[in-house]
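Enquirer: Pasting a structure here, questions to come.
The values are calculated or read from the model by the stated rules, or taken from the named source; none is laboratory data. All figures in this text were calculated on a predicted structure; none of them were measured in a lab. Every residue, glycine among them, receives a Cβ derived from its backbone with ideal geometry; neighbour counts consider all protein chains shown. Each accessible area value is taken on the protein alone, full model and side chains, heavy atoms only, with ligands, DNA and RNA left out. Shrake-Rupley method; radii C 1.70, N 1.55, O 1.52, S 1.80 Å.
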Amino acid sequence: EPEVTQTPSHQVTQMGQEVILRCVPISNHLYFYWYRQILGQKVEFLVSFYNNEISEKSEIFDDQFSVERPDGSNFTLKIRSTKLEDSAMYFCASIMEGQRGETQYFGPGTRLLVL
Amino acid sequence: GDSVTQMEGPVTLSEEAFLTINCTYTATGYPSLFWYVQYPGEGLQLLLKATKADDKGSNKGFEATYRKETTSFHLEKGSVQVSDSAVYFCALSAISGGYQKVTFGIGTKLQVIP
């Protein structure tokens with residue numbers, strides 16, 4: 001069964017460094033998402049992406065964050081200058097048509113630790 | 001905005017006990033409802049879903065019924081196993097500005113002891 005994959009599974013970085021989290025959505029899906037889960041808290045929406053542009057973003061997704069689909073398969077989340085509070089699990093998700101009732105498929109997550 | 005409220009855990013049950021995890025929602029539109037499960041060290045997996053009122057989603061012995069009148073989607077299982085130990089997230093999806101968006105509850109940790 002097709003699945004969403006994410007790399008790396010874990011990343012440790014120093015505060016102020018740039019990180020890029022990578023995702024490979026399911027191949028025929030058209031809508032892509034990033035979510036964040038701070039340890040012990042709920043999963044929060046960060047951004048959605050369709051047709052090579054951001055369709056919606058949350059207030060968490062400030063100027064330090066950016067997303068890109070550099071080729072036909074990868075979908076990346078970049079954090080320009082990491083802060084301690086960026087430590088979280090980051091999930092990528094994708095969906096085919098974005099229709100009502102469609103299931104979003106999630107990747108296994110990247111655990112980011114900012115020291 | 002849309003929101004999901006689910007009971008705080010952790011919930012500790014003995015094997016073969018009956019499980020209920022409560023979930024209620026508020027939404028401006030007509031959402032679809034989901035339960036996702038997160039096993040230790042893993043990502044989010046869809047457990048079950050329901051897309052319209054009175055629909056029942058079911059999978060692996062778990063069930064939840066979409067109750068529009070009470071805006072609820074409670075998760076139930078008749079006899080839990082140790083392997084069901086995980087965090088369970090209630091979620092809704094709705095179309096917002098033309099795009100689908102998922103809103104999650106806080107998650108309920110279930111621990112099943114032999």
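Enquirer: I'd like the full set of residues that are at pLDDT 90 or above and either within 9 Å of chain A (Cβ to nearest Cβ) or open to solvent by 60 Å² or more (accessible area, probe 1.4 Å) (or both), limited to the range B:23-37.
Expert: Selection gives B:26, B:31, B:32, B:34, B:36.
Enquirer: Would you confirm whether any residue within the range B:93-109 is free of Cβ contacts under 8 Å to residues at least 60 places away in the same chain, under 15 Å from the mean Cα position of the chain (by Cα), closer than 18 Å to residue A:103 by Cβ and open to solvent by less than 60 Å² (accessible area, probe 1.4 Å)?
Expert: no
Enquirer: May I pose another question? Has the range A:61-69 got at least one residue that is open to solvent by 70 Å² or more (accessible area, probe 1.4 Å) and either farther than 22 Å from residue B:48 by Cα or free of Cβ contacts under 8 Å to residues at least 24 places away in the same chain (or both)? Write out each step before concluding.
Expert: Taking the range A:61-69 first, the residues open to solvent by 70 Å² or more (accessible area, probe 1.4 Å) are A:63, A:68.
Within this subset, residues satisfying the condition of being either farther than 22 Å from residue B:48 by Cα or free of Cβ contacts under 8 Å to residues at least 24 places away in the same chain (or both) are A:63, A:68.
Checked the range A:61-69: at least one residue is open to solvent by 70 Å² or more (accessible area, probe 1.4 Å) and either farther than 22 Å from residue B:48 by Cα or free of Cβ contacts under 8 Å to residues at least 24 places away in the same chain (or both).
Enquirer: A further question on this structure: Could you list, in sequence order, the residues of the range A:1-42 that are of a type in the set (Ser, Thr, Tyr) and out of contact with any strand residue (DSSP E or B) (no Cβ under 6 Å at 6 or more places or on another chain)?
Expert: A:9, A:27
Enquirer: Does at least one position in the range A:101-110 carry a residue that is farther than 19 Å from residue A:43 by Cβ, open to solvent by 10 Å² or more (accessible area, probe 1.4 Å), part of a loop (DSSP other than H, G, I, E, B) and in contact (Cβ under 8 Å) with a residue 60 or more places away in the chain?
Expert: no
Enquirer: Follow-up question, since we're still on this one. Take the range A:73-100 and flag every residue that is away from every other protein chain (no Cβ under 14 Å) and buried (at least 19 other Cβ atoms within 10 Å of the Cβ).
Expert: The answer is A:75, A:77, A:79, A:82, A:86.
Enquirer: Starting from residues that are in a strand (DSSP E or B) and more than 8 Å from every other protein chain (Cβ to nearest Cβ), keep the ones in the range A:36-63 and report whichever is farthest from residue B:107 (Cα to Cα).
Expert: A:53
Enquirer: Inspect all residues belonging to the range B:46-58 and state whether any of them is in contact (Cβ under 8 Å) with a residue 24 or more places away in the chain and more than 12 Å from the chain's Cα centre (by Cα).
Expert: no
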